[in-house]
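Written out below as structure tokens is the structure these notes cover.
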Amino acid sequence: TQAHLTLDPHFVVGRIDRRVFGSFVEHLGRCVYDGIYEPGHPTAGEDGFRTDVMDLVRELGVSAIRYPGGNFVSGYRWEDGVGPREERPRRLDLAWHSVETNEIGLDEFARWSKAVGSEIMYAVNLGTRGVQEALDVLEYANIHSGTALSDQRITNGTIEPHDIRIWCLGNEMDGPWQLGHGTAQDYAQLAGKTARAMRQLDPDLELVVCGSSGANMPTFGEWERIVLEETYDDVDFISCHVYYEPVDGDLSSFLASAVNMDRFIDSVVATADHVKALRRSEKTINLSFDEWNVWYVSRYVDVDRITDVTSWPKAPRLLEDSYSVLDAVVFGGLLISLLRHADRVTAASLAQLVNVIAPIMTEPGGPAWRQTTFHPFAITSRLAQGVTLELKLDSPTTPTALYGDVPVVDAVATYDETAGAASVFLVNRSLTEEITIEIDASRLGMSELTAQTLHDADIHARNTLDDPDRVVPAPNTSARLQDGVITVTLPAVSWTAIALC
Ligand code: AHR
């Protein structure tokens, strides 16, 4: 045995909020149009939504879905997307240099999310708009009836309010690329005013204020401090966003991306708690990690090059990364990092859901399929119930250029006392060596084990239109449970889930 782990049901990090298994649908590329929505597709229902995609979203186990952006939201007029379709305007989407037809808006998306069993996390536009428009969409969405906008919703065919509980106050307002980007002070004041106004309408809303769009932003840390000093009493969450890809072919550092995510989370927690101390506040601000994924940004052709507005396309193929086994192992590691912080990361959104840096791909008129990353998400969402346990992990280390020596094995364990079940998620970050780990689970009192591993001799193998199930998790036949002690061998570059009951 080369690595050891001890589990104790009494050592609890925190209860896992289901919202950690959220995702993100932005009006971007083919996420909405030719993604979840394709009237005329053989599987489409009367409303034009593809039922094959809906089935995959349900299988993925997605809790809350952030909508409608992303960079898109900072130029969006929500009212364009409601009412009779034939009257909805076509607009230029400045974020993605596309044409937005507004065929899908709040009411249609709310029906779709209800059908897939997900909650909406709605983002308001604080790029080109402000307090009044946020109040308007809140009234339209959540007021029962008897006011101009709630009655308009009813006239548009939605009798019951959407009752959206969690709202994002804009998107990535620290990013120079964002429409309406300004200083932290500018944003803090607008977000604070908007939050207070929205709470005047409904004090129980849960509000997410924008943190940095990455820990590498020049204003990271100060942005969080300034924004929270202004909004601390009026919001519940601060957001984090991060995307990983290998830099200059450095796969060892890429495999250790979760080390970076851990540091990012710890830094934002420290900043939020610093503001808490300054304010002598009793309240704790949690993290909404509402954009995370592997994204090959370097392969992305900047849409800003398409300057001729007459040629902006509708639903172009944008950000359609095809994920490998290697990517899925890194991705599984990011889920481990999120779960490890269950006490403070109480919402998260995998960016995104369909076609755009997504676990689910579709072909117009053709099939929908699962990318490699689909599997760690679906399995973790299903098995990770109850609480996250504190771990005693003893692992050999491996050198990385970006993060120094890191443990070869990364792991997190969850425990559900009521169901009498537990799970352990593991990655082996070594590019060359398998590793055997011994897990002392004797204090959990479990008697049965199943283990599955995502791995392939070709770490670059991926699922495609022609070979959609090339990469799937397989039972890990090395796994044993004896006298409460698990032993399992983890192949190089692999992700493993162990279910105990
Ligand atoms: O998820 C893709 C984009 O990444 C989002 O629109 C934006 O918020 C982020 O920069």
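The values are calculated or read from the model by the stated rules, or taken from the named source; none is laboratory data. If you're wondering where the values come from, they're calculated on a predicted model, not measured in any experiment. Don't worry about glycine lacking a Cβ; one is built from the backbone with ideal geometry, like all the others, and counts go over all protein chains shown.
Before moving on, here are some points about what is shown:
- Of Ser257, Ser239, all but one fail to be buried (at least 20 other Cβ atoms within 10 Å of the Cβ), in contact with a Cys (Cβ under 7 Å, 6 or more places away or on another chain) and assigned by TED's automatic domain parsing to the domain that holds Cys168; the exception is Ser239.
- Selection status of Asp107, assigned by TED's automatic domain parsing to the domain that holds Thr219, in a helix (DSSP H, G or I), under 19 Å from Ile36 (Cβ atoms) and at pLDDT 95 or above: yes
- Selection status of Pro316, more than 15 Å from the ligand (Cβ to nearest atom), more than 25 Å from Arg263 (Cα to Cα) and in a loop (DSSP other than H, G, I, E, B): no
- Only one of the listed residues (Val275, Val247, Val301) is free of Cβ contacts under 8 Å to residues at least 12 places away in the same chain and either out of contact with any Pro (no Cβ under 8 Å at 6 or more places or on another chain) or away from the ligand (no atom under 16 Å from the Cβ) (or both). That residue is Val301.
- Residues that are among the polar types (S, T, N, Q), under 14 Å from Leu490 (Cα atoms) and not in a strand (DSSP E or B), drawn from segment 423-456: Ser430, Thr432
- If you filter segment 61-91 down to residues that are touching an Asp or Glu at 6+ places or on another chain (Cβ under 8 Å) and free of Cβ contacts under 8 Å to residues at least 24 places away in the same chain, you find that the one that is farthest from the ligand (Cβ to nearest atom) is Arg85.
- Only one of the listed residues (Ala110, Ala115) is more than 16 Å from the ligand (Cβ to nearest atom), surrounded by fewer than 16 Cβ atoms within 10 Å (Cβ to Cβ) and hydrophobic (A, V, I, L, M, F, W, C). That residue is Ala115.
- Scan of segment 118-129 for residues that are surrounded by fewer than 21 Cβ atoms within 10 Å (Cβ to Cβ) and assigned to a loop (DSSP other than H, G, I, E, B), ordered by number: Thr128
- Within segment 212-228, tally of residues that are among the charged types (D, E, K, R) and either more than 11 Å from Ala272 (Cβ to Cβ) or not assigned by TED's automatic domain parsing to the domain that holds Gln178 (or both): 1
- Flag for Leu138 being over 18 Å from Glu206 (Cβ atoms), in the same structural domain as Cys240 (by TED's automatic domain parsing) and either touching a residue at least 60 places away in the same chain (Cβ under 8 Å) or within 16 Å of the ligand (Cβ to nearest atom) (or both): no
- Only residues that are under 12 Å from the mean Cα position of the chain (by Cα) and of a type in the set (A, V, I, L, M, F, W, C) were counted in segment 61-79, giving 3.
- Here the condition is being modelled with pLDDT under 95, farther than 24 Å from Val427 by Cβ and buried (at least 18 other Cβ atoms within 10 Å of the Cβ); of Val303, Val354, it holds for Val303 alone.
- Among residues of segment 335-352, those that are more than 19 Å from Thr271 (Cβ to Cβ) and within 16 Å of the ligand (Cβ to nearest atom), counted: 4
- Taking segment 395-438 as the range and being over 29 Å from the mean Cα position of the chain (by Cα) and closer than 20 Å to Asp483 by Cβ as the test, the residues that pass are Thr436, Ile437, Glu438.
- Selected residue (criterion: nearest to Val356 (Cα to Cα)) from residues of segment 83-104 that are buried (at least 23 other Cβ atoms within 10 Å of the Cβ) and in contact with a Gly (Cβ under 8 Å, 6 or more places away or on another chain): Trp96
- For segment 200-225, residues that are away from the ligand (no atom under 16 Å from the Cβ) and under 30 Å from Glu139 (Cβ atoms) total 8.
- Scanning segment 130-172 for residues that are polar (S, T, N, Q) and surrounded by fewer than 17 Cβ atoms within 10 Å (Cβ to Cβ) returns Gln132, Ser145, Thr147, Gln152, Thr155, Asn156.
- Flag if Ile437 is outside the structural domain of Ser257 (by TED's automatic domain parsing) and of a type in the set (Val, Ile, Thr): yes
- Residue match in segment 399-420 (condition: buried (at least 24 other Cβ atoms within 10 Å of the Cβ) and either within 16 Å of the ligand (Cβ to nearest atom) or of a type in the set (Lys, Arg) (or both)): no
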